[in-house]
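Report on the following structure.
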Amino acid sequence: MSSLATSLTPDLIQVPPDIIRKWQEIVDLLADLMHVPSASIMRAEPPQIKVFVSSASKGNPCVPGSVDTGPYCETVLKSRQLLRVTDALADETWRSNLHVKSGMISYLGVPISWPDGEIFGTICIRDNKRNAYSEAYLKLLLHFRDLLQADLKSLARLYGEIETREAKIRRLVDANIMGIFVWDVEGRILEANDAFLHIIGYDREDLAAGRVRWTDLTPSEWRDDTARRVAEVTATGTVQPREKEYFRKDGSRVPVLVGGAAVGEEPQQAIAFVLDLSERKRAEAQAREAERRYRDILMELAHANRVATMGQLTASIAHEVKQPIAATVSNAQAALRWLERQPPELEEVRQALAHIVQDGKRAGDVVGRIRDLIKKAPPREDRLDINEAVREVIELTRSEAATNGVSVQSELAGGLPLIQGDRVQLQQVVLNLIINAAEAMSGASDGPRELLISTGTSDTGDVRVAVRDSGPGLTPAALERLFEPFYTTKPGGLGLGLSICRSIIEAHGGRLWVSANVPRGATFQFTLPVHPGQT
Amino acid sequence: MAEAPIISVVDDDPSVRTATARLLRSMGFSVHAFASAQEFLSSPQLSETSCVIADVQMPGMTGVELQDHLIAHDHSMPIIFITAFPHDRVRERAMNAGAVCFLSKPFDETRLLECVEQALMKRQNEAPPHGSD
């Protein structure tokens, strides 16, 4: 970006046209007021002096743009002082010079300086006759010189500001914190900093040879967007930053954030800034992956917990049931053996049969005893906020619900009273209801899969939790038997979940029931009494 | 059946204990039943027993601990385990320590008979001369 880097020196400052017009008026006025054929402003352009502005008066030999070849102005520039030549023909020093040849035999000139003291040039008057140039004339000339110097001062300040600003831009560009390049609508990249070249994998030679075109860097799916952006910069002068991709030199893609603005008065060119998003994208992907793994692990834990609970229950049920069954089998086989004796030992047979009856009853009582066991487990005396407990379970099941294509909504009522109970047990109930609902809906082939979990208070002032699904619903027969142990509508289901849920809720002094929704689905809800410490 | 070998049944579950004892008696064995390992160990039948049939899960001393105890005190009577909670690790341990069988409840009478006969055979082959102390 060499053009942005150039330091400006006074002799390179362009005097803008409006100032030149003003200066023209000054020299015209000077020539008119002093009745001389020539009033001029010269500019030092070492080693030459050039006529910068000259009066439009009749007989003026000084033509703007031409080289001033005479010694008058040269003398003023060297001495940096006023020069007054009243009559060159009468003066040995000035008698023969080029000005005299062009008829200009008198001269009055003063130097013009930049604010830093550097010489700009001169302002001078020439006459084709002897002219004493009174003090009044000199004052007038000096006055106009001051006007010119005031203009130079503001010009220098303006350029100084530009320079400072450009130095700042230069810092930004050279710091290579972000990629910066100047482009045009033709697809060219006119200038670019190292950071940009690094992002796209090209080197400076590629840039110089015109091998880097932004139209080639842009993958085809971004072409339409890019066309809109070009229209945007043409219309508004800026391009809002947005994410896109560039092709790198090796053909791979790099994700970037690109924004920009039109450059100066040139609508066909714009400056763009580019941030490499590769690192951020990688970090985001990692964060997403970590989040996903975390959810998976939570779900696995929840599942494992369920399976472990089931496993424990089934194992203990198996143990309890196997004892009377084993006794029954042994008794029956013993009875058969006693019967086969000659003569049969009928008393032994009678005793064996009596035991078989006893053990049969015992086996029947086992399931009931297991339910009693759960009921008797004293719930922990925690005061808890049911919304908080429910919210945790919803979070836990969100990814499983999403996997089943189920949208989960929650309507948790604010300001609910605390309840008394075992958080883990109650969360297991909610977890069970949610997973049951999600599984029921995952089997439904059509219709929305919506799960609504709500909390509130019941008519009796208890806290109420409801899990409403849009699944296939339940038959009246199923509704009646749903909470019986070992009743299941699911292939592979153990049929213990809901009976255990009901046991837990009843142990907390609450109720769990189910009702059918219209037009479809089921709502499971339970109530829990408010903590006795609250009104 | 004066010469019938004595078999001791150790099981804390009264139904299973009685039923197992009844089945063994119907097979012609002399049977003593005990509700715990300690009861068996402190009984006079300990030294007369030719074969022990023990439950694995019992309060106090488990079946496997009973086995360890018998080995430690040089009572080399064969043991048959019966359990409603078959666990591979427990089975492996019991069998490695010399158990004759490890049966799951409910078990079949023919399988039990095979195990008992196998145990008595083993007892005959290994019986030390002071076994009747």
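Using the Cβ-Cβ distance between B:Phe85 and B:Ser42 with R0 set to 25 Å, the FRET efficiency works out to roughly 0.45. Computed from the Cα positions only, the extents of segment A:72-136 along the three principal axes stand at 37, 26, 18 Å, in decreasing order. Computed about the Cα centre, the dipole magnitude for the protein assembly as shown is approximately 1680 debye when only Lys and Arg (+1) and Asp and Glu (-1) carry charge, each at its Cβ. Considering chain B at the alpha-carbon level, its Rg and Dmax are found to be 13.4, 39 Å. Simple spin-label estimate for A:Leu33 and A:Ala90 gives 2.6 nm between the two label positions (7 Å along the Cα-to-Cβ direction from each Cα). Quote the Stokes-Einstein diffusion coefficient, in whole µm² s⁻¹, for segment A:179-283, based on the Kirkwood radius over alpha carbon pairs, a temperature of 20 °C and a viscosity of 1.002 mPa s. Approximately 156 µm²/s, per Stokes-Einstein. At a probe radius of 1.4 angstrom, the accessible area of segment B:3-133 per residue rounds to 45 square angstrom. According to a simple spin-label model (label point 7 Å from Cα along Cα-to-Cβ), what is the distance in nm between B:His75 and A:Ala287? With each label point 7 Å from Cα toward Cβ, the separation is 7.0 nm. Measuring only protein heavy atoms, the 1.4 Å probe finds A:Thr86 accessible over about 40 Å². Treating r as the C-beta distance of A:Leu257 and A:Glu388 and R0 as 45 Å, the FRET efficiency rounds to 0.70. Within the accessible area of chain B, what % is carbon and sulfur when the probe is 1.4 Å and the other protein chains stay in place? On chain B, the fraction of accessible area on carbon and sulfur atoms equals 51 percent. Taking every protein chain into account, the 1.4 Å probe leaves A:Val233 with about 10 Å² of accessible area, to the nearest ten.
Sorted largest first, the principal axis extents computed over the alpha-carbon atoms of the protein assembly as shown equal 176, 68, 49 Å. Taking all protein chains as they are arranged and a probe of 1.4 Å, the heavy atoms of A:Lys168 leave approximately 140 Å² accessible to solvent.
In terms of accessible area, using a 1.4 Å probe and ignoring ligands and nucleic acids, B:Ser26, A:Ser79 rank largest first as A:Ser79, B:Ser26.
Buried area at the B:A interface is about 2000 square angstrom, summed over both chains, from accessible surfaces computed with a 1.4 angstrom probe. For the residue pairs A:Lys101/A:Lys129; A:Lys22/A:Lys153; A:Lys22/A:Lys139; A:Lys22/A:Lys58; A:Lys168/A:Lys281, the alpha carbons lie more than 22 Å apart in A:Lys168/A:Lys281.
The values are calculated or read from the model by the stated rules, or taken from the named source; none is laboratory data. All values derive from a computational prediction rather than experimental measurement. Note: ideal-geometry Cβ built from the backbone for every residue, glycine included; neighbour counts use all protein chains shown. What goes into the accessible areas is simple: the full protein's heavy atoms, side chains included, and nothing from ligands, DNA or RNA. Shrake-Rupley method; radii C 1.70, N 1.55, O 1.52, S 1.80 Å.
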